[in-house]
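Here the structure comes first, spelled out in structure tokens, and everything after it is commentary.
The values are calculated or read from the model by the stated rules, or taken from the named source; none is laboratory data. Bear in mind the structure is a predicted one, so any value in this text is a computation, not a measurement. When we count neighbours, we look across all protein chains shown, and the Cβ atoms used for this are built from the backbone with ideal geometry, even at glycine. When the accessible area is computed, the model is the full protein with side chains, heavy atoms only, and any ligands, DNA or RNA have been set aside. Shrake-Rupley method; radii C 1.70, N 1.55, O 1.52, S 1.80 Å.
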Amino acid sequence: GQQVMQIPQYQHVQEGEDFTTYCNSSTTLSNIQWYKQRPGGHPVFLIQLVKSGEVKKQKRLTFQFGEAKKNSSLHITATQTTDVGTYFCAGYLDNAGGTSYGKLTFGQGTILTVHP
Amino acid sequence: KAGVTQTPRYLIKTRGQQVTLSCSPISGHRSVSWYQQTPGQGLQFLFEYFSETQRNKGNFPGRFSGRQFSNSRSEMNVSTLELGDSALYLCASSWVSRTYEQYFGPGTRLTVT
């Protein structure tokens, strides 16, 4: 069925290294949202991208939405121990006739660990 | 502004029982969605309510149901609990439209024995 795939599942980095997680959808997304969940916590909204090719930055975080609106990425520059957590992408499938329309579909998440 | 609250935070039930979880959205938010989070399946969409109407439903059996009240508070019910229902149940609210960001509550950790 229609779904959102996210890779890698796990990423271990040394503090100061960069980190990237990728999100791919089998169908066009009307928008893409990114969330961060700290260990033992709940998902917290980071950002939303709507336009094809959109790029947004939040300090060391850079978010991109692909031209075809089927993929997205989150890049963290110079990771810090505070970046530890699971990063989820989530999208609304842009398919008015499909069964998944209107349902926020989450990727499996990328678990980031940062070694000091 | 207070965040999304969920009660209870932890719950232990036995197979065959039923359970009701409660969610109070952020004041002014009219959309409430429910998700099931498990290590194996990740975050799975259960259903979304807006103005007391279910707008969308995920691929879960009919044992999972929900409702929303006129004050936007929502409840979800799981009947005839199975071991596989053990999970973190997250409620999220948003302003009006489904395209707005979701604000998640702390979740209810349900353990079925």
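Enter the buried accessible area of the A/B pair, total of both sides, probe 1.4 Å, in Å² rounded to the nearest 100.
In total, chains A and B hide about 1500 Å² from solvent.
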*Per residue Cα convex hull volume for the protein assembly as shown, in cubic angstrom?*
124 Å³
*asked:* With bins 10 Å wide starting at 0, give me the P(r) of chain A over every alpha carbon pair, in whole percents.
replied: 15, 47, 29, 8, 1
*Residue-wise HN-Hα coupling along the stretch A:53-60, computed from phi with Karplus coefficients 6.51, -1.76, 1.60 (Hz; x: Gly, Pro)*: x, 5, 10, 10, 10, 10, 6, 8
*If you project the alpha carbons of the stretch B:65-113 onto the principal axes, what extent comes out on each, in Å, largest first?*
37, 21, 15
*Regarding the stretch B:26-113, what are the three Cα extents along the principal axes, ordered largest first, in Å?*
37, 22, 20
*With charges only on Cβ, +1 for K and R and -1 for D and E, what is the dipole size of the stretch B:37-113 about its Cα centre, in debye, rounded to 20?*
80 debye
*Each residue of the stretch B:11-28 in order: what ³J(HN,Hα) in whole Hz does its phi give by Karplus 6.51 cos²θ - 1.76 cosθ + 1.60, θ = phi - 60°, with x for Gly and Pro?*
8, 10, 10, 9, 3, x, 6, 10, 9, 10, 10, 10, 9, 10, x, 4, 3, x
_Above 13 Å lies some portion of the pair distances; for the stretch B:33-84, what is it as a whole percent of all C-alpha pairs?_
59 percent
_Can you tally the net charge around B:Leu88? Count Lys and Arg as +1, Asp and Glu as -1, for every other residue whose Cβ sits under 13 Å from the Cβ of B:Leu88._
+1
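Within chain A, what's the longest run with no trypsin sites (Lys or Arg not before Pro) in a DSSP loop and at most 13 other beta-carbon atoms within 10 Å? Give the range, please.
On the way: sites that count: A:Lys51, A:Lys59.
Longest stretch, sites excluded: A:60-116.
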*Bin width 5 Å, alpha-carbon pairs only: give the P(r) of the stretch B:1-66 as whole percents, running from 0 to the bin holding the largest distance.*
3, 13, 20, 27, 22, 10, 3, 0
*asked:* Give me the net charge for the shell around A:Glu67: Cβ to Cβ below 11 angstrom, other residues only, Lys and Arg +1, Asp and Glu -1.
replied: +2
*Pick from A:Gln33, A:Gln48, A:Gln11: which residue has the top mean-square fluctuation in a GNM of chain A where Cα pairs under 10 Å get a spring?*
A:Gln11
_Charge sum, other residues only, whose C-beta stays under 13 Å from B:Gly16's C-beta, Lys/Arg counted +1 and Asp/Glu -1_ = +1
*Which residue fluctuates the most in chain B, going by a Gaussian network model with Cα springs under 10 Å, if the choices are B:Glu52, B:Glu75, B:Glu101?*
B:Glu101
_Dimensionless Rg/Rh of the stretch A:1-67 - Kirkwood Rh, Rg from C-alpha atoms_ = 0.96
